[in-house]
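The values are calculated or read from the model by the stated rules, or taken from the named source; none is laboratory data. Predicted model only: the values in this text are computed from it and were never measured. Every residue, glycine as well, gets a Cβ built from its backbone with ideal geometry; the counts of neighbours run over all protein chains shown.
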Amino acid sequence: MKNVITKLSPLAIALLVCVAVAVAQEPSTSTGVKVNPAEVQKKAGTPPPANATKTGTVGTEHLKMTTPPDSASWAEQLDIDGNGQVDQVTLTWDGKDRILFSTTSSTFRCNNGATGNGELLVAVNGSDNPQGRPEGSGFWLASLDKGQCGAQAQSLWGCKFDKAGNPTTCGSARLDNQTHDLVIVKAVPAQP
């Protein structure tokens, strides 16, 4: 019996080393934020209220983007990320590009189960948008501090989503001011 154990020990050790290497090489998908854009998608089909003011920008600090100067802006209470918490958000309707932007600074859920705090921007394409993007599709982008939601450094993390709100591409990202779209810099598998 001792001979069998002695002969199988190197095999067992080799198997454990192979499993450890395979797990270490698997890309981490725990980095990032969980966002359900459903509430913002519902708002994209409604006109701005009569008390909306004119603006030429959306967002603040890390998530700032220009819009046509006659874009309508107003504040509302809305569950911007689908975490069950209502936040004070600023909505901006870009009538030229037919995109509804929603921004806030609040607490959000991380893919790793923790919570994070920071800026969040959600953009939803409206009907008949000149880019030809599907109505209800869009993107979201969050500003993360180092260590927050698995981020290795201060960064922007976002996802593009389809008209059903399902993430299609996620990763470290940046905003494109010309196209009013999200550019994924380094993609990772999308998590529902």
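Side notes on the structure shown:
- Boolean, A173 is farther than 16 Å from A44 by Cβ, modelled with pLDDT of 95 or more and in a strand (DSSP E or B): no
- Screening G126 on (1) within 18 Å of the chain's Cα centre (by Cα); (2) within 17 Å of G165 (Cβ to Cβ) shows it passes everything except condition (1).
- All positions within the range 74-89 that are surrounded by 20 or more Cβ atoms within 10 Å (Cβ to Cβ) and either over 22 Å from P167 (Cβ atoms) or out of contact with any Ser or Thr (no Cβ under 9 Å at 6 or more places or on another chain) (or both): none
Rundown of residues vs (1) in a strand (DSSP E or B); (2) within 20 Å of the chain's Cα centre (by Cα); (3) at pLDDT 95 or above, yes/no style:
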| site | (1), (2), (3) |
| --- | --- |
| K42 | no, yes, no |
| P47 | no, no, no |
| T55 | yes, no, yes |
| H62 | no, yes, no |
| T66 | yes, yes, no |
| S71 | yes, no, yes |
| W74 | yes, no, yes |
| D81 | no, yes, no |
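- Test result for E26, at pLDDT below 95 and either in contact with a Pro (Cβ under 6 Å, 6 or more places away or on another chain) or surrounded by 14 or more Cβ atoms within 10 Å (Cβ to Cβ) (or both): no
Okay, residues lined up against (1) of a type in the set (F, W, Y); (2) closer than 24 Å to G116 by Cα; (3) touching a residue at least 60 places away in the same chain (Cβ under 8 Å):
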{"site": "S137", "(1), (2), (3)": "no, no, no"}
{"site": "W140", "(1), (2), (3)": "yes, yes, yes"}
{"site": "L144", "(1), (2), (3)": "no, yes, yes"}
{"site": "A153", "(1), (2), (3)": "no, yes, no"}
{"site": "C159", "(1), (2), (3)": "no, yes, yes"}
{"site": "A164", "(1), (2), (3)": "no, no, no"}
{"site": "H180", "(1), (2), (3)": "no, no, yes"}
{"site": "I184", "(1), (2), (3)": "no, yes, no"}
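- Put simply, of K146, K186, K163 the only residue that is exposed (fewer than 13 other Cβ atoms within 10 Å of the Cβ), outside any strand (DSSP E or B) and among the basic types (K, R) is K146.
- The range 90-119, residues that are closer than 18 Å to T179 by Cα and of a type outside the set (V, I, T): W93, D94, G95, K96, D97, R98, L100, F101, S102
- Residue in the range 168-178 that is within 13 Å of the chain's Cα centre (by Cα), closer than 25 Å to P69 by Cβ and not acidic (D, E) present: yes
- Residues located in the range 120-135, provided they are charged (D, E, K, R) and either surrounded by 14 or more Cβ atoms within 10 Å (Cβ to Cβ) or under 16 Å from L182 (Cβ atoms) (or both): R133, E135
- Within the range 92-111, the presence of a residue that is among the aromatic types (F, W, Y), farther than 22 Å from G165 by Cβ and in contact with a Pro (Cβ under 9 Å, 6 or more places away or on another chain) is excluded.
- Filter pass, A164 being small (G, A, S), in contact with a Leu (Cβ under 9 Å, 6 or more places away or on another chain) and at negative phi: no
- Looking only at the range 56-73, residues that are more than 15 Å from D94 (Cβ to Cβ) and loosely packed, with under 14 Cβ neighbours inside 10 Å come to 1 in all.
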